[in-house]
Amino acid sequence: MAFDGVTVAAIVSELNNKLADGRIAKVAQPEKDELMLTIKTPNGQNRLVLSANPTLPLVYLTDENKISPATAPSFTMLLRKHIQGGRICSISQPDFERIIVIEVEHLDEMGDLCRKRLITELMGKYSNIILVDEKDMILDSIRHVNAMTSSVREVLPGLKYFIPKQEGRLDPCKVDVTEFADIMTHMSDQGEPSKIMASSFTGISSMIAHEIYEGACIAGKDMSAQPSVGTLWKVFADTMEDVKNGKFNPQILYENGEPKDYCAVPAVTYAPENIRTFDSISELLRVFYSEKERISRSKQKTSDLRNVVKTILERDVKKYDLQLKQLKDTEKMDKYKVYGELLHTYGYEVNQGDKNVTVDNYYTGEKLTIPLDETLSAMDNAARYFDKYNKLKRTKEALTELTVSVKEEIDHLESILSALDFASKEEDLNEIKQELIESGYVRGRGVRSGPNNRGGKAKTEKLRFKSRPMHYISSDGFHMYVGKNNYQNDELTFKVANGGDWWFHAKGMPGSHVIVKTEGAELTDATFEEAARLAAHYSKGASAGKVEIDYLKRKDVKKPNGAKPGYVIYYTNYSMTIDSDISGIELIED
């Protein structure tokens, strides 16, 4: 993901193709470290973004406008004075550095033709945008750098501009075979060839160096052996020749469905299905960083929701464990009842001050010793045991109802946690959040939160974001649908499926409802197995080797009145134990 010299070269090539001889019609500064230039060319208007953001320095063309501050910053006013209305003479990349130089020709206050250069340095935390005159004197910069900030180079108005050179690094576009071989041979003891390339040549990132090395391995036809210096040079030289000739192939590289990296030249280490190719580097950068931002936002929202659910779940689990312990204590109640009844029968055998009495237990035919309070009479001791019995009986009745309710809530929360694992889009998360709001777990507009509303219907109109369930096709052509959350599970099972369709679910654990549409046909054995694999994969037990799956006709699946979303019951079903590998099942992007 490095904004390296090759990426900069691709941007410079694109800008030369689109902005050559264009006139800078407008200069704006929407952010403190970002410029937007509106440039008019014979082929239309273009917007160029120059960003010196320390964490994400970028240069790209865009169709979108950005809102600028009401009062223009001083650097913007300076640029409007010197280059607004000027003609772009050239756009270049000096010495393959991460630097873009835009040379602008314009008329000064006296009407004389002069040139200025707008220099964008894309160097991480040292990024900057600098305006210099014909004598390389700095007129101003978007960020001032003084001696307190940098001991290498000051960037202040009135100082001479120069590019800080990286010691020991060569321009990869100018190196010849002798220099290349000398570097690779003499530094062979300092690590892998790709690392040597990245550290020896300007603008070559670790990612590009690795791609060149892997390309040489492929060219050498022996992936297990290190390629010769000659083979490495050929791939290196061919890559640099394409760069010099402006032959780029911008690609986003995906891993597990997420954008992992990008490059301006063809990647050889990624499978074709994990590569997305673009016509322009600007389009690539816009898509790459917007997808990264969307995924980052989604992961943060997922994390926030997961933390909420886990906090409530942990509290409920502790409450449930305590209730089970209290419920176990109520097992003593029948013993107290027997004590009371036997004392009523054999009370005449108890003497004042006795601490216990041993009597015949007519329920078992055995002797039973009953502890006594020596300060009480036999009848008072009996009454005390009957009180204990009645108290524990009431406790058991209350706890039996409570434990059922808390266990249902635990199962519901675990199903929501499972759904968060499958949420891949913003609308998926919105539905899960809506379920949490309607269940009273989190606050929402018009929703009363807290235990009084827990498990009941929320006092608000239900919102539906309508994310779509996953859609698969079996090897025999049957349509299979997988719910990604409890709302989708209910809708699939009771609205999408008809009575003759088949329903699959992991046994005794949270997971997705899987529906197979039969359209009146008999399912094949392969389809039964594929649907079961989907149910296993989209369940809490997916990481286990095998998962037991229940399956039955949809008409035999019922939803109790007042049940929580996603909860169903059934009494007659088939079962199979199967793995969760779905790699061979075709996913349809609806």
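Every number in this text was worked out from the coordinates using simple rules, so none of it is lab data. Remember, predicted model here, so these are calculated numbers, not experimental data. As a convention, Cβ positions derive from the backbone with ideal geometry for all residues, glycine included, and neighbour counts pool all protein chains shown.
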Exceeding the 30 Å Cα-Cα cut-off - candidates Lys32/Lys247; Lys66/Lys484; Lys318/Lys507; Lys332/Lys546; Lys484/Lys559: Lys32/Lys247; Lys66/Lys484; Lys332/Lys546
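Would you calculate a helix-derived [θ] at 222 nm for the chain, using -39,500 (n - 2.57) for each DSSP H run of n ≥ 4 and dividing by the full residue count, to the nearest 500?
Mean residue ellipticity, 222 nm, calculated: -12000 deg cm²/dmol.
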For peptides 488-500, 303-315, sequence by mean Cβ density within 10 Å, most packed first: 488-500, 303-315
Percentage of interatomic Cα-Cα distances in the range 59-134 larger than 16 Å: 60
Per-residue Cβ neighbour rank within 10 angstrom, fewest leading, Met240, Met184, Met77: Met77, Met184, Met240
Directionally averaged shadow of the range 150-222, computed from the convex hull of its alpha-carbon atoms, nm²: 6.9
Built amide H within the under 5 Å cut-off of Phe201, gap 5+: Leu170
Farthest positive-ward along the chain dipole, Cα basis, beta-carbon charges - from Ile91, Met240, Gly203: Ile91
Hypothetical label at Lys260: residues of the range 298-312 whose amide nitrogen lies under 13 Å (7 Å Cα-Cβ projection): none
C-alpha center-to-center spacing [the range 38-86, the range 497-571] in angstrom: 56
Alpha carbon centroid spacing (whole Å) that separates the range 319-395 from the range 405-433: 47
Calculated FRET value between Ser583 and Asn390, using beta carbons and R₀ = 60 Å, to 0.05: 0.45
Protection proxy ranking, peptides 528-537, 325-334, average beta carbon neighbours within 10 Å, highest first: 528-537, 325-334
Share of pairwise Cα separations in the range 1-103, more than 18 Å, in percent: 48
Spacing of the two label points (7 Å from each Cα toward its C-beta) at Glu519 and Lys125, in nm: 6.1
Cα-only radius of gyration and Dmax that characterise the chain, units Å: 36.9, 128
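For the pairs Lys165/Lys244; Lys40/Lys125; Lys328/Lys367, flag any whose C-alpha to C-alpha distance is greater than 27 Å.
From the list (Lys165/Lys244; Lys40/Lys125; Lys328/Lys367), the Cα-Cα distance tops 27 Å for Lys40/Lys125.
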Rough spin-label spacing in nm, given labels placed 7 Å along Cα→Cβ, for Val568 and Ser543: 2.7
Along each principal axis, Cα extent of the range 177-279, largest first, Å: 40, 32, 23
For the range 470-588, radius of gyration divided by Kirkwood radius, i.e. Rg to Rh on alpha-carbons: 0.92
Assigned charges on the beta-carbon of Lys, Arg, Asp, Glu; the range 177-279 dipole about Cα centre (debye): 120
Extension reserve of the Ser68-Thr345 stretch, reckoned as 0.36 nm per residue once the Cα distance is removed: 90.3 nm
Loop trypsin sites (Lys or Arg not before Pro), the range 199-260, which have at most 15 other Cβ atoms in a 10 Å radius of their Cβ (DSSP): Lys221, Lys247
DSSP-assigned coil residues among trypsin sites (Lys or Arg not before Pro) in the range 335-382, each with at most 13 further Cβ atoms within 10 Å: Lys355
Label-point gap, in nm, between Asp133 and Glu273 - each point 7 angstrom along Cα→Cβ: 6.2
At most 16 other Cβ within 10 Å, DSSP loop - GluC sites (Glu not before Pro), the range 1-83: Glu64
Kyte-Doolittle mean at least 0.5 and Cα axial length at least 15 Å: DSSP H helices in the chain: 5-19, 206-219
